[in-house]
Amino acid sequence: MTGGTPATLDADGFRTTASGKTYVIAETAIARGDLRSLTPEQDARARTRMQAIVAQHLPNTSAELAFGEDGYPPMAPTEGNRALLSRLNAVNRDLGLPDMPEYDPARRGAADSSFVAADVDTLAGLGAAGGGSHAVGEWVDLDSLPRQATRAAILITRLTRQRPAR
């Protein structure tokens, strides 16, 4: 978010610049954000409500809300995803690892799997352990890679040997 007299957003929609005196009300304010939802219907309701709020701006002011088309699509929990988690937890138990709980969808971030989630069951949590996601100080536990690779290989092997549903 930035504000100033003036304030601008670059052509790519990623960088903002602002200047002006600190004791004046900014002529322009720009905010960029991300909208996360579980279903297309929830996404549409949120967008409609946000547009209604923006339309109620103060007299002699203007406001605009634009949604980009490059965001991550919704990804709701499904029984198929839960079945994959159950299969992963069977692998975890066989390896002497703790079960992985279902992660609260309201607390998760975006995932590339959301682009196919409407068409196929998906599972996250097979990557390296670490912390500080996408921020200064992000770190990865390199010692977790053998464990994660072993777990993923066993799960994939078991899934490939599974008979297709008829």
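Consider only pairs whose beta carbons are under 6 Å apart and that are at least six residues apart or on different chains; among these, list those whose first residue lies in the stretch 102-131 and is charged (D, E, K, R) and whose second residue is exposed (fewer than 14 other Cβ atoms within 10 Å of the Cβ). Once the first residue is charged (D, E, K, R) and sits in the stretch 102-131, its partners that are exposed (fewer than 14 other Cβ atoms within 10 Å of the Cβ) give 121/80. The lone criterion from (1) farther than 30 Å from residue 35 by Cβ; (2) surrounded by 13 or more Cβ atoms within 10 Å (Cβ to Cβ) left unmet by residue 149 is number (2). Looking only at residues in the stretch 108-134 that are more than 15 Å from the chain's Cα centre (by Cα) and within 17 Å of residue 159 (Cβ to Cβ), the one that is surrounded by the fewest Cβ atoms within 10 Å (Cβ to Cβ) is 119.
Taking every residue in the stretch 74-89 that is more than 30 Å from residue 45 (Cα to Cα) and pairing it with any residue that is assigned to a helix (DSSP H, G or I), at least 6 positions away or on another chain, the pairs with Cβ-Cβ distances below 8 Å are 87/155; 87/158; 87/159; 88/151; 88/155. Check the stretch 152-163 and report whether any residue there is open to solvent by less than 60 Å² (accessible area, probe 1.4 Å) and assigned to a loop (DSSP other than H, G, I, E, B). No. Residue check: residue 158 meets all listed conditions (1) closer than 22 Å to residue 107 by Cα; (2) at pLDDT 90 or above but one, namely (1). Residue 94 meets the conditions (1) within 29 Å of residue 39 (Cβ to Cβ); (2) touching a helix residue (DSSP H, G or I) at 6+ places or on another chain (Cβ under 9 Å) in every case but one. The failed one is (1).
Selection within the stretch 55-98: residues that are of a type in the set (Val, Ile, Thr) and surrounded by 12 or more Cβ atoms within 10 Å (Cβ to Cβ). The member of this set that is nearest to the chain's Cα centre (by Cα) is 78. Applying the condition of being in contact with a Lys or Arg (Cβ under 9 Å, 6 or more places away or on another chain) and surrounded by 10 or more Cβ atoms within 10 Å (Cβ to Cβ) to the stretch 9-38 and asking which residue is modelled with the lowest pLDDT yields 13.
The values are calculated or read from the model by the stated rules, or taken from the named source; none is laboratory data. Not measured: the values here are computed from a predicted model. Please note: Cβ atoms are built from the backbone with ideal geometry, for glycine as well, and neighbour counts cover all protein chains shown. These area figures cover heavy atoms from the full protein model, side chains too; ligands, DNA and RNA do not enter into them. Shrake-Rupley method; radii C 1.70, N 1.55, O 1.52, S 1.80 Å.
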